[in-house]
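J.: Just dropping this structure here.
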Amino acid sequence: MTLRKDSGQVLAFFALCLPVVLLPVGAYAVDATIVASREAGLQAATAQAAEAAAQQLNVGVIRSSGALTLDPAAVSLVVAQTLATEEPAAIVDSSAVNGVDATVVTSESVTLPFNLFTHTVRLRARASARLVAGYDRPSSRLPLPRSTV
């Protein structure tokens, strides 16, 4: 059995070309995973901040007119506190109150470890929540016991 002179060239070709192809694909996969994870965290924190904001009643308006509205100052404070607790790197771009609706817009800069295409990515999230009045008397359809033992 005789070996040809060029029998090991394919192995050398793959040894040199595979890292050129696979390393960038692996780096992109890691960067994309980090961005997706941080984006999900930012969206969840923004939604939680909007829900907390929608619970900030304007007590003065309720006492004077009986109308349900949100307190813009309390909304801004609660949004900043909630976001600082849930996602410390996030920035509150805006928090708006429109009657019983609270809207929160946030952003966050994420530094990528492999910076294959770019060094940082700017993520944005938006969430809205609405204040809904609860019930004022129990329903007669509730299955309450007639006697307690």
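Laboratory data are not the source of any read-out in this text; all were calculated from the coordinates shown. All values reported here derive from a predicted model rather than from experimental measurement. Here Cβ is always computed from backbone atoms with ideal geometry, including for glycine, and neighbour counts include all displayed protein chains.
J.: What pairs come up if the first residue lies in the stretch 30-45 and is touching a residue at least 60 places away in the same chain (Cβ under 8 Å), the second is surrounded by 17 or more Cβ atoms within 10 Å (Cβ to Cβ) and not hydrophobic (A, V, I, L, M, F, W, C), and their beta carbons are under 6 Å apart, counting only those six or more places apart or on different chains?
T.: Filtered contacts from the stretch 30-45: L42/E87; L42/E108; A45/E86; A45/E87.
J.: Kindly provide the set of residues from the stretch 107-131 that are surrounded by 14 or more Cβ atoms within 10 Å (Cβ to Cβ) and of a type in the set (V, I, T), ordered by number.
T.: V110, V121
J.: Hey, another quick one. Could you tell me whether the stretch 49-61 includes any residue that is within 22 Å of V132 (Cβ to Cβ), of a type outside the set (S, T, N, Q) and part of a loop (DSSP other than H, G, I, E, B)?
T.: Yes - at least one qualifying residue is present in the stretch 49-61.
J.: Which one of these is closer than 30 Å to V21 by Cβ, free of Cβ contacts under 8 Å to residues at least 40 places away in the same chain and out of contact with any Leu (no Cβ under 9 Å at 6 or more places or on another chain): R122, R63?
T.: R122
J.: Just checking, how many residues over the stretch 6-36 are of a type in the set (D, E) and over 18 Å from F114 (Cα atoms)?
T.: 1
J.: Answer with yes or no whether P72 is more than 13 Å from the chain's Cα centre (by Cα) and over 23 Å from R126 (Cα atoms).
T.: The answer is no for P72.
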